[in-house]
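Just so it is clear, none of the values below were taken in a lab; they were calculated from the coordinates. The structure displayed is predicted, hence computed values, not measured ones. Here the Cβ is made from the backbone with ideal geometry for all residues, glycine too, and neighbour counts use every protein chain on show.
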Ligand SMILES: Cc1ncc(COP(=O)(O)O)c(C=O)c1O
């Protein structure tokens, strides 16, 4: 087992120095290739056969680039020198210097990057051809905190990294050539499966033996597992066994105490256990680490910037609590404004907000279905959905995760058979699915589900907790991603906890259904209303993703994808719905003052495109390095399979105690049973728009080192880490992962 603590000798944010003598096996500084992600450049890579199929998505991405960007330099397989980068950076800063008002343009046009800035900012004093690991450690010193580029951004670099290169952007949009869900997940070698099963068998056998003898020979330590004074044992089932015998050994990976903003970086309290993880003591030191463990997809959970300023203004005006449920005297004007904005954002007629995402599902589902109704649920649906279904009293059928054939088979069966015993038709059939599955990184096959709906006539309830704000060219979730009209889905649910950096959830649908839910849902009658600062954060972040239309603006025209890309054989749905227009200014509170870059939507769009690039880059890069990675490449959650339980704490600890010279610690989340099937334990990288390309390079290098050490490359490695880093743009624009 790895050490259950890490020590920071010089206080917060100091990279660990205990392994500084490790040989500099990695390149001395990040290699940067300023390649175009246009089809012509992608034809140079080893995905020649896919050039045509990637052409459309590449074209969309090229067309979507900011018009004022400097032309990308196509220097294939060239490591751009530090001096060249610094001159590019200087030129582009000059280019923007006249535009004082537009914060966004300053960030999007500079052809420099944070990575290049590190080199140009620090390497000048060093002989780059002869760097020692101490030099590299110096380059990365305070990497997470020190902004190396001049920027007008008000957001702290440690919370939101500056990444100016316009080539490192992508548009999250369905490419019909890319499979939505693979027919078969990749399998590890039999040896890995065998050793994983043996690990669990040993754990179970030895654990039960220890329990058996412990209860007899050390009864004081096992008192809580045995009946006492006529009372039953408090906790003696399998969950208790699993928690004591497995989870406790991994305990240092979970519930890590942290402080500050869960942004690009996060500050962890260092801790130490002397009793095999039963308890932890804080050592009094902290470590700032690169954070890939929070759902802060767009980086809006921030302590500075336009949203935080708006929240501060709100607290001065409204205080911090509505102090009651909606049906009492706690429906503020902010609630109505938020609901109008949410309805507009998701493209539905009406919406209702609830103070907790979990409660949104668990209180809405019982208000929609009951006895005599049938819920058909994906087997991997979130606990809040399963809880809501159980409360509702409706019958339940589960189908295999994302398996459309299995879903159709069940639909045929339940429609032909009707209710059990009586065979009466079901009162309602409600299909409950998620847009993006957070443990699997898999996307719902929405076009197929809608086809089935048209054929079999059932209602759809779509939970977009992880896809809203994170997927689609406009950030409006999976409907936007696939280019389908959101009104084809009966009920849209989502949470504000992730992309919007707030808390709570929403339900959206037709006005008729929403009016009924407002009366029937326990959330509106019995739960506290969302607090004003949270509502402000939701309005500000959502408004900046949408952009706010100036008063009396003419409505936007339909966006005709196929027309704008005429001649291209690949057909994404034409005529994206107008519902994805900007927010009308009258919906926002009059006192809310947002900076121009948020108001005009440029910042929101930029964040969406940064997130899309980061997601595809890391997902493709890890696959090329030989890891088994689940999920869709556009998913901002990337599960990397670990399998062996013994490797989980090691992976988590080694990522934090980095081995190589670029010692920036990385905080990751490992997940295991019961959140996943027993043997497919994994680490989930949660990416954010706040991460820079250099951050993703760092993660790839770290995974390469640690994965090699722990023997976690279960697949076929087709590229070295340096090749992956230098061909980031080709990997992102390629239509196939392998
Ligand atoms: C699919 C899904 N639905 C609902 C929720 C509950 O949301 P919240 O954490 O905001 O309560 C989650 C939480 O992660 C989720 O993943």
Within the range 188-216, backbone nitrogen closer than 17 Å to the virtual label 7 Å beyond the Cα of residue 245 toward Cβ: 196-216
What is the range 191-253's relative contact order, in percent, from Cα pairs under 8 angstrom and six or more apart in sequence? 22
Per the Kirkwood formula on distinct C-alpha pairs, the Rh of the range 330-549 is how many angstrom? 17.4
Stretched out fully, how many nm does the piece from residue 457 to residue 235 gain, at 0.36 nm a residue minus the Cα gap? 75.4 nm
Förster-model FRET efficiency, 41 Å R0, residue 204 and residue 408, C-beta, rounded to 0.05: 0.60
Note on the range 340-427: alpha-carbon gyration tensor, axes a ≥ b ≥ c; rule is a/c under 1.5 for rounded, else prolate if a/b larger than b/c, else oblate; result prolate
Once the Cβ-Cβ distance between residue 398 and residue 593 is put in as r, and R0 is 35 Å, what FRET efficiency do you end up with, to the nearest 0.05? 0.10
Relative to a virtual label point 7 Å from the Cα of residue 279 in the Cα→beta-carbon direction, which members of the range 237-273 show backbone nitrogen distances below 16 Å? 271-273
Quick check: convex hull of the Cα atoms in the range 611-738, volume per residue, rounded to a whole Å³? 97
What is the distance, in nm, between label points placed 7 Å from the Cα along the Cα-to-Cβ direction at residue 448 and at residue 419? 3.2
Rh by Kirkwood over Cα pairs, then Stokes-Einstein D for the range 412-465 at 1.002 mPa s and 20 °C, µm²/s: 169
Between residue 333 and residue 193, with labels modelled 7 Å along Cα→Cβ, what's the label distance in nm to one decimal, could you check? 6.3
For the range 330-549, averaging the sequence separation of alpha carbon pairs under 8 Å that lie six or more residues apart and dividing by its residue count, the contact order in percent is 28
Assuming R0 = 35 Å, what is the FRET efficiency of residue 213 and residue 184, from their Cβ-Cβ distance, to the nearest 0.05? 0.20
With the convex hull built on the Cα atoms of the range 191-253, state its orientation-averaged projected area in nm². 5.2
Going by average Cβ density within 10 Å per residue, which order do the peptides 627-639, 583-595, 258-270, 177-189 take, highest to lowest? 627-639, 258-270, 583-595, 177-189
